[in-house]
Amino acid sequence: MYTPAHFAETRLDVLHQFIRQHPLAALVTSGPDGLEATHVPMVLHPEIGPRGVLRCHVARANPQWKSIGPQRPALVIFSGPEHYITPSWYAAKKEHGRVVPTWNYAAVHVSGQAKLFEEENALLEHLNALTKQSEAPFENPWAVSDAPPEYVQAMAKAIVGIEMTIERLEGKWKASQNRPRADRPGIIAGLEELHTPQSLEMAEMVKLRCE
(Lines give C-alpha, C1' and ligand atoms only; values in the text may rest on other atoms or scores of the structure.)
Protein backbone atom coordinates (compact mmCIF):
# COMPACT_ATOMS: atom_id res chain seq x y z
CA MET A 1 0.00 0.00 0.00
CA TYR A 2 1.41 3.38 -0.99
CA THR A 3 1.56 5.34 2.26
CA PRO A 4 3.28 8.74 2.51
CA ALA A 5 4.78 9.32 5.95
CA HIS A 6 2.14 11.81 7.07
CA PHE A 7 -0.62 9.22 6.50
CA ALA A 8 1.18 6.21 8.02
CA GLU A 9 0.07 4.44 11.20
CA THR A 10 2.54 1.92 12.62
CA ARG A 11 1.47 1.49 16.26
CA LEU A 12 0.50 -2.15 16.76
CA ASP A 13 -2.15 -1.42 19.39
CA VAL A 14 -3.84 1.14 17.13
CA LEU A 15 -3.80 -1.23 14.15
CA HIS A 16 -5.20 -4.07 16.26
CA GLN A 17 -7.98 -1.82 17.60
CA PHE A 18 -8.90 -0.82 14.04
CA ILE A 19 -9.23 -4.49 13.09
CA ARG A 20 -11.50 -5.12 16.08
CA GLN A 21 -13.68 -2.13 15.17
CA HIS A 22 -13.91 -3.06 11.47
CA PRO A 23 -13.82 -6.89 11.42
CA LEU A 24 -15.36 -7.38 7.97
CA ALA A 25 -12.44 -7.64 5.56
CA ALA A 26 -11.55 -8.66 2.03
CA LEU A 27 -9.46 -11.84 1.97
CA VAL A 28 -7.35 -11.81 -1.20
CA THR A 29 -5.46 -14.86 -2.47
CA SER A 30 -3.93 -15.99 -5.72
CA GLY A 31 -4.88 -19.31 -7.27
CA PRO A 32 -4.79 -21.10 -10.63
CA ASP A 33 -7.43 -18.72 -12.01
CA GLY A 34 -5.69 -15.59 -10.74
CA LEU A 35 -6.65 -13.29 -7.88
CA GLU A 36 -9.68 -14.17 -5.76
CA ALA A 37 -11.37 -12.20 -2.96
CA THR A 38 -14.04 -12.97 -0.38
CA HIS A 39 -15.49 -10.59 2.20
CA VAL A 40 -15.51 -12.29 5.60
CA PRO A 41 -15.54 -11.24 9.28
CA MET A 42 -12.20 -11.78 10.99
CA VAL A 43 -11.28 -12.61 14.57
CA LEU A 44 -7.97 -11.22 15.79
CA HIS A 45 -5.93 -13.24 18.29
CA PRO A 46 -3.24 -10.74 19.38
CA GLU A 47 -1.73 -13.08 21.96
CA ILE A 48 -0.37 -15.47 19.29
CA GLY A 49 3.00 -14.54 17.82
CA PRO A 50 4.66 -11.12 17.67
CA ARG A 51 1.90 -9.44 15.61
CA GLY A 52 -1.08 -11.73 16.15
CA VAL A 53 -3.12 -14.18 14.13
CA LEU A 54 -6.32 -13.71 12.10
CA ARG A 55 -8.96 -16.43 11.79
CA CYS A 56 -11.98 -16.61 9.54
CA HIS A 57 -13.99 -19.15 7.57
CA VAL A 58 -15.48 -19.51 4.12
CA ALA A 59 -18.14 -21.79 2.69
CA ARG A 60 -16.75 -25.13 1.57
CA ALA A 61 -18.56 -24.45 -1.70
CA ASN A 62 -16.37 -21.36 -2.18
CA PRO A 63 -13.35 -22.58 -4.21
CA GLN A 64 -11.10 -19.85 -2.86
CA TRP A 65 -10.03 -21.99 0.09
CA LYS A 66 -8.26 -24.31 -2.35
CA SER A 67 -5.81 -21.48 -3.13
CA ILE A 68 -4.60 -21.45 0.50
CA GLY A 69 -1.31 -23.27 0.98
CA PRO A 70 2.45 -23.09 1.57
CA GLN A 71 4.32 -20.39 -0.33
CA ARG A 72 1.04 -18.67 -1.15
CA PRO A 73 0.85 -15.50 0.94
CA ALA A 74 -2.53 -13.88 1.48
CA LEU A 75 -3.65 -10.28 1.88
CA VAL A 76 -6.47 -9.07 4.13
CA ILE A 77 -7.87 -5.55 3.66
CA PHE A 78 -9.78 -3.80 6.46
CA SER A 79 -11.63 -0.59 5.57
CA GLY A 80 -12.77 2.16 7.92
CA PRO A 81 -14.20 5.67 7.60
CA GLU A 82 -14.13 7.24 4.11
CA HIS A 83 -15.49 10.39 2.48
CA TYR A 84 -15.10 12.59 -0.58
CA ILE A 85 -13.40 15.93 0.11
CA THR A 86 -14.40 18.80 -2.16
CA PRO A 87 -11.82 21.56 -2.83
CA SER A 88 -14.63 24.05 -2.20
CA TRP A 89 -13.96 23.55 1.51
CA TYR A 90 -10.37 24.76 1.26
CA ALA A 91 -9.37 28.30 2.13
CA ALA A 92 -6.77 27.89 -0.60
CA LYS A 93 -9.55 27.78 -3.22
CA LYS A 94 -10.39 31.42 -2.57
CA GLU A 95 -6.74 32.38 -2.19
CA HIS A 96 -5.28 30.98 -5.42
CA GLY A 97 -7.56 28.22 -6.79
CA ARG A 98 -4.76 25.67 -7.20
CA VAL A 99 -6.66 22.84 -5.50
CA VAL A 100 -8.15 19.48 -6.54
CA PRO A 101 -10.64 17.03 -5.00
CA THR A 102 -9.52 14.03 -2.96
CA TRP A 103 -10.91 11.16 -0.92
CA ASN A 104 -10.11 10.66 2.75
CA TYR A 105 -10.12 7.15 4.24
CA ALA A 106 -8.63 4.79 6.79
CA ALA A 107 -7.47 1.28 5.93
CA VAL A 108 -5.29 -1.50 7.29
CA HIS A 109 -3.60 -4.10 5.09
CA VAL A 110 -2.47 -7.36 6.67
CA SER A 111 -0.34 -9.90 4.85
CA GLY A 112 1.12 -13.21 5.83
CA GLN A 113 1.08 -16.96 5.40
CA ALA A 114 -2.34 -18.61 5.63
CA LYS A 115 -3.29 -22.20 6.36
CA LEU A 116 -6.51 -24.19 6.65
CA PHE A 117 -8.11 -25.77 9.69
CA GLU A 118 -10.99 -28.20 9.29
CA GLU A 119 -11.16 -30.15 12.56
CA GLU A 120 -14.58 -29.89 14.18
CA ASN A 121 -13.28 -28.72 17.57
CA ALA A 122 -11.11 -26.01 15.99
CA LEU A 123 -14.01 -24.81 13.83
CA LEU A 124 -16.39 -24.71 16.80
CA GLU A 125 -13.82 -22.78 18.85
CA HIS A 126 -13.54 -20.25 16.02
CA LEU A 127 -17.31 -19.98 15.57
CA ASN A 128 -17.76 -19.37 19.29
CA ALA A 129 -15.09 -16.64 19.26
CA LEU A 130 -16.61 -14.98 16.18
CA THR A 131 -20.11 -15.13 17.62
CA LYS A 132 -19.00 -13.71 20.96
CA GLN A 133 -17.24 -10.86 19.15
CA SER A 134 -20.23 -10.09 16.92
CA GLU A 135 -22.91 -10.42 19.59
CA ALA A 136 -21.09 -8.27 22.17
CA PRO A 137 -23.25 -5.13 21.60
CA PHE A 138 -26.53 -6.95 22.27
CA GLU A 139 -28.22 -7.03 25.67
CA ASN A 140 -29.12 -10.71 25.27
CA PRO A 141 -26.38 -12.11 23.00
CA TRP A 142 -27.05 -15.18 20.93
CA ALA A 143 -24.63 -18.09 21.41
CA VAL A 144 -23.72 -21.02 19.19
CA SER A 145 -25.00 -23.30 21.95
CA ASP A 146 -28.49 -21.82 21.45
CA ALA A 147 -28.80 -23.83 18.23
CA PRO A 148 -29.36 -27.62 18.25
CA PRO A 149 -25.99 -29.46 18.43
CA GLU A 150 -26.71 -31.61 15.38
CA TYR A 151 -27.54 -28.48 13.36
CA VAL A 152 -24.29 -26.78 14.42
CA GLN A 153 -22.30 -29.89 13.51
CA ALA A 154 -23.91 -30.01 10.07
CA MET A 155 -23.21 -26.31 9.48
CA ALA A 156 -19.59 -26.74 10.60
CA LYS A 157 -19.09 -29.43 7.96
CA ALA A 158 -20.09 -26.86 5.31
CA ILE A 159 -17.25 -24.43 6.11
CA VAL A 160 -13.45 -24.33 6.01
CA GLY A 161 -11.41 -22.38 8.55
CA ILE A 162 -8.53 -20.13 7.52
CA GLU A 163 -5.77 -18.92 9.85
CA MET A 164 -3.24 -16.26 8.87
CA THR A 165 -0.08 -15.55 10.83
CA ILE A 166 0.38 -11.79 10.56
CA GLU A 167 3.76 -11.01 9.02
CA ARG A 168 3.14 -7.40 8.00
CA LEU A 169 0.67 -4.70 9.08
CA GLU A 170 0.24 -1.46 7.12
CA GLY A 171 -2.02 1.32 8.33
CA LYS A 172 -3.07 4.40 6.39
CA TRP A 173 -5.14 7.22 7.85
CA LYS A 174 -5.62 9.76 5.04
CA ALA A 175 -7.31 12.60 6.91
CA SER A 176 -6.13 15.82 5.25
CA GLN A 177 -2.85 15.88 7.21
CA ASN A 178 -1.14 17.09 4.03
CA ARG A 179 -3.35 20.17 3.69
CA PRO A 180 -2.24 23.58 5.05
CA ARG A 181 -3.53 24.32 8.54
CA ALA A 182 -5.74 27.08 7.15
CA ASP A 183 -7.70 24.53 5.06
CA ARG A 184 -8.58 22.19 7.92
CA PRO A 185 -11.39 24.20 9.60
CA GLY A 186 -13.25 24.37 6.30
CA ILE A 187 -12.91 20.61 5.77
CA ILE A 188 -14.29 19.87 9.24
CA ALA A 189 -17.11 22.42 8.91
CA GLY A 190 -18.08 21.11 5.47
CA LEU A 191 -18.22 17.52 6.67
CA GLU A 192 -20.22 18.46 9.74
CA GLU A 193 -22.66 20.49 7.65
CA LEU A 194 -23.45 17.42 5.54
CA HIS A 195 -24.40 15.73 8.83
CA THR A 196 -24.41 12.15 7.57
CA PRO A 197 -22.99 9.31 9.68
CA GLN A 198 -20.10 9.00 7.23
CA SER A 199 -19.31 12.72 7.11
CA LEU A 200 -19.46 13.13 10.89
CA GLU A 201 -17.17 10.14 11.38
CA MET A 202 -14.68 11.62 8.92
CA ALA A 203 -14.90 15.04 10.58
CA GLU A 204 -13.85 13.42 13.87
CA MET A 205 -11.01 11.59 12.15
CA VAL A 206 -9.72 14.85 10.63
CA LYS A 207 -9.89 16.53 14.04
CA LEU A 208 -7.92 13.73 15.71
CA ARG A 209 -5.32 13.25 12.99
CA CYS A 210 -4.68 16.94 12.32
CA GLU A 211 -4.11 18.04 15.93
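The values are calculated or read from the model by the stated rules, or taken from the named source; none is laboratory data. Since the structure is predicted, the reported quantities are computational estimates derived from the model, not experimental observations. As a convention, Cβ positions derive from the backbone with ideal geometry for all residues, glycine included, and neighbour counts pool all protein chains shown. Side chains are part of the model used for accessible areas, which takes the heavy atoms of the whole protein and leaves out ligands, DNA and RNA. Shrake-Rupley method; radii C 1.70, N 1.55, O 1.52, S 1.80 Å.
Annotations
- Options (1) 38, 21, 11; (2) 31, 23, 13; (3) 39, 20, 15 - which one matches semi-axes √(5λ) of the Cα gyration tensor in Å as calculated here: (3)
- Whole-percent carbon and sulfur share, accessible surface of the chain, 1.4 Å: 55 percent
- Within the chain, the longest run free of exposed loop sites, counting trypsin sites (Lys or Arg not before Pro) that sit outside DSSP helix and strand states (H, G, I, E, B) and have at most 15 other Cβ atoms within 10 Å, spans 99-156.
- Length-normalised contact order of the range 59-150 in % [C-alpha pairs under 8 Å, at least 6 apart]: 28 percent
- Length released on extending from residue 151 to residue 195, taking residue separation times 0.36 nm less the Cα-Cα span: 11.4 nm
- The residues of the chain expose on average 57 square angstrom of accessible surface per residue, using a 1.4 Å probe on protein heavy atoms.
- Amide H contacts under 5 Å for residue 69, placed H, 5+ residues apart: 114
- Pairs with C-alpha atoms separated by more than 20 Å, drawn from the list 174/207; 66/157; 132/172; 66/115; 132/174, are 132/172; 132/174.
- Taking a sphere under 12 Å around the Cβ of residue 182 and counting the other residues whose Cβ falls inside, with K and R at +1 and D and E at -1, yields a net charge of +3.
- DSSP-loop GluC sites (Glu not before Pro) across the range 1-84, with at most 13 other Cβ within 10 angstrom: 47
- Reciprocal mean inverse distance between Cα atoms of the range 94-211 - Kirkwood radius, Å: 18.7 Å
- Coil-residue chymotrypsin sites (Phe, Trp or Tyr not before Pro) of the range 1-75, DSSP, other Cβ within 10 Å capped at 13: 2
- Its Cα centre serving as origin, the chain has a Cβ charge dipole (Lys and Arg +1, Asp and Glu -1) of approximately 940 debye.
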